[in-house]
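Please read the structure below before turning to the comments.
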Amino acid sequence: LITGFDPFGGEPVNPAWEAVKQLEGLVIAGARVHTVEIPTVRFKAIAKVQEAIRHYDPEVVICVGQAGGRAEITPEFVGINYANFRIPDNEGFQPLSTKLEKDGPDAYFATLPVQAMVDACKEKGVPANVSYSAGTYCCNEVLYELLYALDHRHPGVRGGFVHVPYLDSQAANLKAGTPSMSLARITEGLTAMVAAMVEHEGEDIVSASAGCEH
């Protein structure tokens, strides 16, 4: 199961969903892909993810979001039990300094092979790196709440989050030098990461090259 957010922050598109929907129905390294668009709205986003988990009963869940300002595709290493929205979500909610789950740990580590996913992406010539912060907006909320739900209700299901850059078409309307990537490249990178996720079902690889300051 791969999810992508809808547009937010005044943008006409979200590269996450634009790329994710290209993968619908594909079989990648033997794994059939199901895709779902989720709203950039507190509580509703993770509710949509959980609904899709119940419907598709997947072995792996990857949520994808936009990270404007990043030049690479970045799988997230960790989600934190904290919300501090820099802007309101699409329905006006803006939690500040708020814990996501009162009984939850401070952080959950993604259960995807993020290092292997990065290497697979780079082998295709698509810029990628591991990120060690998913921020404190809806993306981190979905990552943390996904891992919380898998831990409590879906043992054995793996999950994580991947951030993608702006599309070229978005960057054309932003300040000069804003990092971006074509839809084809983002889609190619996500495809490579899905294949790596399937092929590395056990422990992740060890790589000194995978490290991001974000």
| request: Taking only the stretch 39-62 into account, find how many residues are in contact with a strand residue (DSSP E or B) (Cβ under 7 Å, 6 or more places away or on another chain) and at positive phi. | output: 0
| request: Only one of these is among the charged types (D, E, K, R), open to solvent by less than 50 Å² (accessible area, probe 1.4 Å), in a helix (DSSP H, G or I) and farther than 24 Å from residue 102 by Cα: 18, 11. Name it. | output: 18
| request: Being part of a loop (DSSP other than H, G, I, E, B) and among the β-branched types (Val, Ile, Thr) is the filter; apply it to the stretch 132-166 and report the residue that is farthest from residue 206 (Cα to Cα). | output: 136
| query | What number of residues in the stretch 100-131 are assigned to a loop (DSSP other than H, G, I, E, B) and surrounded by 14 or more Cβ atoms within 10 Å (Cβ to Cβ)? | reply | 11
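Sort through 83, 71, 47 and tell me the only one that's among the aliphatic types (A, V, I, L, M), more than 14 Å from residue 2 (Cα to Cα) and in contact with a Ser or Thr (Cβ under 7 Å, 6 or more places away or on another chain).
From the options 83, 71, 47, the qualifying one is 83.
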| task | Determine whether residue 90 is closer than 22 Å to residue 19 by Cα, polar (S, T, N, Q) and in contact with a Pro (Cβ under 9 Å, 6 or more places away or on another chain). | result | yes
| Only listed residue being on the phi > 0 side of the Ramachandran plot and in contact (Cβ under 8 Å) with a residue 24 or more places away in the chain, chosen from 92, 79, 69, 65 | 69
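The values are calculated or read from the model by the stated rules, or taken from the named source; none is laboratory data. Predicted model, so just to flag it, every value in this text is computed and none were measured. Backbone-built Cβ (ideal geometry, glycine too); neighbour counts: all protein chains shown. For the accessible areas, the whole protein counts, side chains as well, though only heavy atoms, and no ligand, DNA or RNA atoms are used. Shrake-Rupley method; radii C 1.70, N 1.55, O 1.52, S 1.80 Å.
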